[in-house]
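Contents: one structure, followed by commentary.
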Amino acid sequence: MDRLAERIRKLPRYLFAEIDKKVKEARDKGVDVISLGIGDPDSPTPDYIVKRMQEEVARVVNHSYPPDEGLAEFREAVAEYYGRRHGVDLDPQHEIVPLIGSKEGIAHIAFCFTDPGDVNLVPDPGYPVYSIGTLFAGGLPQLMPLLQQNNFIPDLDNIPVEAARRAKLLFLNYPNNPTGAVATSDFFAKVVQYARDYKLIVCHDAAYSEIAFDDYRPISFLEVEGGKDVAIEFGSLSKTFNMTGWRLGYAVGSRTAVEALYRFKTNVDSGIFKAIQQAGVEALTNPQMEPFIKDLRTLYQRRRDIAVQALNEAGWDLKPSQGTFYLWAPVPKGYTSTEFVSTILEQTGVVLTPGRGFGKYGEGYFRIALTVDEKRLQEAMQRIRNTIKFN
Ligand SMILES: *Cc1c(COP(=O)(O)O)cnc(C)c1O
């Protein structure tokens, strides 16, 4: 093991390992475990996409290497979708690059802009890939705390000026995993100004851009004035179309950033199976998208309401979240997030995610993923409510 590179040796300890072990122990003992731990949709990819894939997989033209820059049809479909959905004009040639799932692009963007010793501004709690990509590129993550009192939006005025001056990238993610928070266009406009002041590239992770409730519809960072000049936005078909296993996403926005990522990628991967890109075209452009997304929102919204109501009946005081399929809630007094999650698992067989797993500012919270059907969710919430009260 002493031959491992420092970047691997220095990787943060996997915080879920202990919980995974307990889940396995419980299952082995015959406990009926309900997992609200994983952010992976439980519903299938819609038929209209699967059918297109079945046709495309049989076509010999799709069996060879895809073009490095991705299929023109897929880039055009993304452009068409951005125009329709966000009113944003994208040049498919220079402002869009397909990704092997958005995680891949998020992990690699730091390699394009971050030199050893540079800083990247990273939200905490947050998706761990922003920090890991930064560390792999030799950079230093500067944490931007997401606090409840600020509605889980980073306070730009609180970022040390010294760090901002050394910073290359600023990561954001709205609707937000794990907090479920959403951002306003006013906030995005402030970020544009901040990015200009400090010459930063904004990396907006929009994985949950279609998962929103009530009347709220998430905005693209590129919708705000000047957004496209300073930002690269990462999109994903994973959560929108229940396609997590297909590995298809895209990066759009600033030509400089998109082309840098493209240059990086041509040197480390050879693109995405053409049949999958064609299925992605179908996903984004078929008129069935609209009713499908509407039903998907209704499905998660109903689950959200079940979970929020149950927790509030047990003494919590949660407001329904406006986006993502997560709920973010404080742990009762006297527990760390890991202790709370372990206690719930031992006493009820329900798996939650400890907030600490998303960074140090996630301590004191737990996350519920609304990725089980209503009956199982009801059962899980019933068990929690019968076991613990919030005080
Ligand atoms: C799920 C998720 C992603 C990654 O999705 P891909 O499957 O790689 O496209 C990115 N960011 C956040 C915050 C996520 O939750």
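The values are calculated or read from the model by the stated rules, or taken from the named source; none is laboratory data. Only a predicted model underlies this, so the values are computations on that prediction, with no experimental measurement involved. Cβ coordinates were reconstructed from backbone atoms using ideal geometry, including for glycine residues, and neighbour counts include every protein chain displayed. Areas reflect the complete protein model, heavy atoms only, side chains present, ligands, DNA and RNA absent. Shrake-Rupley method; radii C 1.70, N 1.55, O 1.52, S 1.80 Å.
Just a few scattered comments:
- For segment 359-391, the set of residues classified as under 25 Å from Pro145 (Cα atoms), modelled with pLDDT of 95 or more and open to solvent by 20 Å² or more (accessible area, probe 1.4 Å) consists of Lys360, Tyr361, Glu363, Gly364, Tyr365, listed by residue number.
- Test for Ser342: is it in the same structural domain as Glu18 (by TED's automatic domain parsing) and surrounded by fewer than 21 Cβ atoms within 10 Å (Cβ to Cβ): yes
- Every condition in (1) small (Gly, Ala, Ser); (2) surrounded by fewer than 24 Cβ atoms within 10 Å (Cβ to Cβ); (3) more than 14 Å from Asp205 (Cβ to Cβ) holds for Ser131 except the one numbered (3).
- Taking the conditions (1) free of Cβ contacts under 8 Å to residues at least 40 places away in the same chain; (2) closer than 21 Å to Lys199 by Cα in turn, Val119 satisfies each one other than (1).
- Of the residues screened, Asp91 is not one that is under 26 Å from Gly253 (Cα atoms), open to solvent by 20 Å² or more (accessible area, probe 1.4 Å) and at pLDDT below 95.
Let's see how each residue does on (1) touching a Pro at 6+ places or on another chain (Cβ under 9 Å); (2) farther than 27 Å from Leu370 by Cβ; (3) of a type in the set (Ser, Thr, Tyr); (4) modelled with pLDDT of 95 or more:
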position	(1), (2), (3), (4)
Phe113	no, yes, no, yes
Pro125	yes, no, no, yes
Tyr130	yes, no, yes, yes
Ala167	no, yes, no, yes
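- Residue check for Val351: in the same structural domain as Ala17 (by TED's automatic domain parsing) and surrounded by 22 or more Cβ atoms within 10 Å (Cβ to Cβ): yes
A quick yes/no check of all residues on (1) charged (D, E, K, R); (2) surrounded by fewer than 14 Cβ atoms within 10 Å (Cβ to Cβ); (3) assigned to a loop (DSSP other than H, G, I, E, B):
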residue: Pro12; (1), (2), (3): no, yes, yes
residue: Ala26; (1), (2), (3): no, no, no
residue: Gly39; (1), (2), (3): no, no, yes
residue: Arg52; (1), (2), (3): yes, no, no
residue: Phe74; (1), (2), (3): no, no, no
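- Test: residue in segment 62-71 that is over 22 Å from Asp229 (Cα atoms), outside any loop (DSSP other than H, G, I, E, B) and not hydrophobic (A, V, I, L, M, F, W, C): yes
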